[in-house]
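Input: a single structure, listed below in structure tokens.
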Amino acid sequence: MGKPIKAYGGNGAAVIYEYANKTGVIRCGGKIGWRSTNPGNIKVGSYAREFGSIGNNGQFAIFPDFSTGRRAIYNILRKPIYRNVTLGEAINVYAPPKENDTEEYIKFITDYTPFDRTDPMVSIDNWLLVDVIIKKEGYLNTANQGEVKFIPDVTKKNKYRWRTRKDIVVRKEHRGREGEEFYWDNPPEGGH
């Protein structure tokens with residue numbers, strides 16, 4: 001079957017992977033990093049596209065497989081924004097305080113490696129760092145994994161009906177889409 005050629009994420013709860021022969025798989029349940037084969041929880045953007053992303057699942061990139069996602073972490077950490085600083089400064093960019101407990105993230109890395117937060121990134125074994133990031137993100141924890149279902153003809157799964165929880169926290173623009181159909185490869189304004 002090979003690697004998937006594209007993938008569609010929806011509201012973050014599932015990802016459909018499409019193969020060249022029009023078969024596919026859907027990953028649902030588990031953590032978003034697992035559903036998106038994105039072991040480093042890399043966000044959508046130019047770095048993700050440069051290093052093999054084949055779609056997005058909300059704000060997170062989707063990679064065709066674990067090895068591509070793992071290599072993407074490695075390649076991102078080799079970018080000048082990460083290489084010309086200390087480990088602590090690099091993690092402050094990779095796992096910013098507005099989205100993570102960055103200090104706890106740095107401590108996790110220093111606890112599981114011989115690295116210190118003040119070590120220059122250019123002196124660090126990136127593969128060891130990558131594997132500790134994957135551990136921190138919980139990708140390999142089987143409790144974070146959901147189920148994978150085979151799709152014999154992915155062309156029949158190319159659209160979905162928008163559903164909300166119909167409660168008071170549903171955003172106005174989402175409430176207005178209730179019941180409408182959208183195509184995975186043509187998202188509504190603002191995304192799936």
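The values are calculated or read from the model by the stated rules, or taken from the named source; none is laboratory data. No experiment lies behind these values; they were computed from the predicted model shown. Every residue, glycine as well, gets a Cβ built from its backbone with ideal geometry; the counts of neighbours run over all protein chains shown. Side chains are part of the model used for accessible areas, which takes the heavy atoms of the whole protein and leaves out ligands, DNA and RNA. Shrake-Rupley method; radii C 1.70, N 1.55, O 1.52, S 1.80 Å.
Residue by residue, here is whether (1) aromatic (F, W, Y); (2) under 28 Å from R165 (Cβ atoms); (3) open to solvent by less than 20 Å² (accessible area, probe 1.4 Å) holds:
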{"residue": "Y17", "(1), (2), (3)": "yes, yes, yes"}
{"residue": "R27", "(1), (2), (3)": "no, yes, no"}
{"residue": "G33", "(1), (2), (3)": "no, yes, yes"}
{"residue": "S36", "(1), (2), (3)": "no, yes, yes"}
{"residue": "I54", "(1), (2), (3)": "no, no, no"}
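Within the set of pairs 6 or more residues apart or between chains, which connect a residue that is among the charged types (D, E, K, R) inside the stretch 19-33 to a residue that is outside any loop (DSSP other than H, G, I, E, B) with Cβ atoms less than 6 Å apart?
K22/V154; K22/T155; R27/V15; R27/R35; R27/V148; K31/N144
Quick check on the stretch 161-172. Is at least one of its residues under 18 Å from the mean Cα position of the chain (by Cα), closer than 30 Å to K6 by Cα and open to solvent by less than 40 Å² (accessible area, probe 1.4 Å)?
No, there is no match, as no residue in the stretch 161-172 is under 18 Å from the mean Cα position of the chain (by Cα), closer than 30 Å to K6 by Cα and open to solvent by less than 40 Å² (accessible area, probe 1.4 Å).
With respect to K107, determine if the residue is open to solvent by 90 Å² or more (accessible area, probe 1.4 Å) and assigned to a helix (DSSP H, G or I).
It is true that K107 is open to solvent by 90 Å² or more (accessible area, probe 1.4 Å) and assigned to a helix (DSSP H, G or I).
Scanning the stretch 136-156 for residues that are part of a helix (DSSP H, G or I) and loosely packed, with under 15 Cβ neighbours inside 10 Å, which turns out modelled with the lowest pLDDT?
The extreme case among them is K156.
Could you please find all residues in the stretch 57-73 being at pLDDT 95 or above and open to solvent by 40 Å² or more (accessible area, probe 1.4 Å)?
F66, S67, R70, R71
Can you tell me which residue among V132, V122 is assigned to a helix (DSSP H, G or I) and within 25 Å of R27 (Cα to Cα)?
Every option except V132 fails the conditions.
Out of all the residues in the stretch 111-123, is one or more touching a residue at least 12 places away in the same chain (Cβ under 8 Å), closer than 19 Å to F51 by Cβ and either in contact with a Ser or Thr (Cβ under 7 Å, 6 or more places away or on another chain) or open to solvent by less than 60 Å² (accessible area, probe 1.4 Å) (or both)?
Yes, the conditions are met somewhere in the stretch 111-123.
Identify, by number, the condition in (1) on the phi > 0 side of the Ramachandran plot; (2) open to solvent by 40 Å² or more (accessible area, probe 1.4 Å) that N84 doesn't meet.
(1)
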